[in-house]
1. Taking the highest mean first, how do the peptides 39-46, 299-306, 267-274 order by number of other beta carbon atoms within 10 angstrom per residue?
2. Provide the FRET efficiency to the nearest 0.05 for the L149-D171 pair, computing r from the beta carbons and using R0 = 41 Å.
3. Relative to the longest principal axis of the C-alpha atoms of the chain, give the angle of the C-alpha long axis of helix 334-349, reported between 0 and 90° and rounded to the nearest 10°.
4. Grab the DSSP H runs of the chain that are 4 residues or longer, score each as -39,500 (n - 2.57), total them, divide by all residues and round the 222 nm result to the nearest 500 deg cm²/dmol.
5. Among 247-253, 321-327, 287-293, how do they line up from the highest to the lowest mean number of other beta-carbon atoms within 10 Å?
6. Using the crude model of +1 on Lys and Arg Cβ and -1 on Asp and Glu Cβ, and no other charge, please compute the dipole size for segment 2-350 relative to its Cα centre, in debye to 20.
7. Take A98 and R57, extend 7 Å from each Cα along the Cα→Cβ direction, and tell me the distance between the two endpoints in nm.
8. Once you have the Cα-Cα distance between D347 and V305, take 0.36 nm times their residue separation minus that, and quote the gain in nm to one decimal.
Amino acid sequence: MRVFITGSSGLIGSELVRHFDRRATRVVGADNNFRADLFGPEGDTTRTRDLLLTSTRRYRHVPLDVRDRAAVARLFREEGPFDLVVHCAAQPSHDLAARRPFDDFDVNATGTLNVLEAVRQHSPDAVFVHMSTNKVYGDAPNELPMIELPTRWDYARPEDHDGVREDMRIDRSKHSLFGASKVAADVLVQEYGRYFGLKTVSLRCGCMTGPDHSAVELHGFLAYLAKSHVLGRTYQIYGYKGKQVRDNLHSVDVALAIEAIYEAPRPGEVYNLGGGRENSCSILEGLARLEAITGQPARTNYVDVARQGDHVCYISDLGRFRAHYPQWRVTRSLDDIFVELVQAWRDRAALPSTVAA
């Protein structure tokens, strides 16, 4: 089994490298550390790349930019054919996309097209999994009836209890430019499955998290919340009274979901993937959990303006994915995740040269 992973030094990419290094004969990862350009030193993924290179047996790292079409095709010719391709590389911030729209679209949409076409030309039998986002729905989920509870917003109707389903519309809503570029990529992935017959799957992810997340304010909700708290920083809350809700899935469980897809792909499918209701929390609830773990008070500053296109409450309905892959389950609870994040940032804080990473 030969595996190719783009964005291999990021949160999900690095987890996949470790996961398949134990299962595959060859794992090739592409990552040019564009996060450092996007987010500065705190977004730098060099530390993760170096850890992978020293802790894996079958991993080869390539500093490839997915925007370079010729280089992507050359890698597939030289290293392939691959059995599994997981496309994690992305510009991940909807705030930053408004300031750098060409970079956003070139990475998210054109980069995805470059990888898809390389698969079609050089690894047509590969399973292709695309890490999409719940932002493809824009702010349409905000139209679901909501109720305000003491610490969170929640869905008002019983039929919405499990969260947003895949039949939520993806047009006639405000996406942010990031959401729009990811819609383009998401539809391309579907089309390469439905039109060309490739084994493509798009995962519309909620908040993915884990200890290897190079979290920054503009990206990485739960890890950045823990990072700010452990390092004694003031956390900025933007609108919705801090009661906005996200569901959170550990990177380990993402890797297990992708392995399940590889074993039984459904071409052209899309799935919402997140932690579900059990792993959901608001900002206020997350801060309360961190205070209980650390014993230190949270420092916050409230800005009474929500981010454009932001979701008030987003929980992934996992029903479709679980129906197709009943062997998969969420193995890391929200409590597990918080404890692990706190310990990870305490460990980094003990090493001054790596605090920012």
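Computed from the coordinates by the stated procedures, all read-outs in this text should not be read as laboratory data. In this text the structure is predicted, and so the values were computed from the model without any measurement. Note that we place each Cβ from the backbone using ideal geometry, even for glycine, and neighbour counts take in every protein chain shown.
1. 267-274, 39-46, 299-306
2. After rounding to 0.05, the efficiency reads 0.85.
3. Helix 334-349 sits roughly 80 degrees off the main axis of the chain.
4. Calculated at 222 nm, the ellipticity per residue is -11500 deg cm²/dmol.
5. So the peptides 247-253, 321-327, 287-293, ranked by packing, come out 247-253, 287-293, 321-327.
6. Numbers: 45 positive and 47 negative charges, 105 e Å.
Roughly 500 debye, rounded to the nearest 20.
7. 4.9 nm
8. Contour length minus the Cα-Cα distance gives 11.7 nm.
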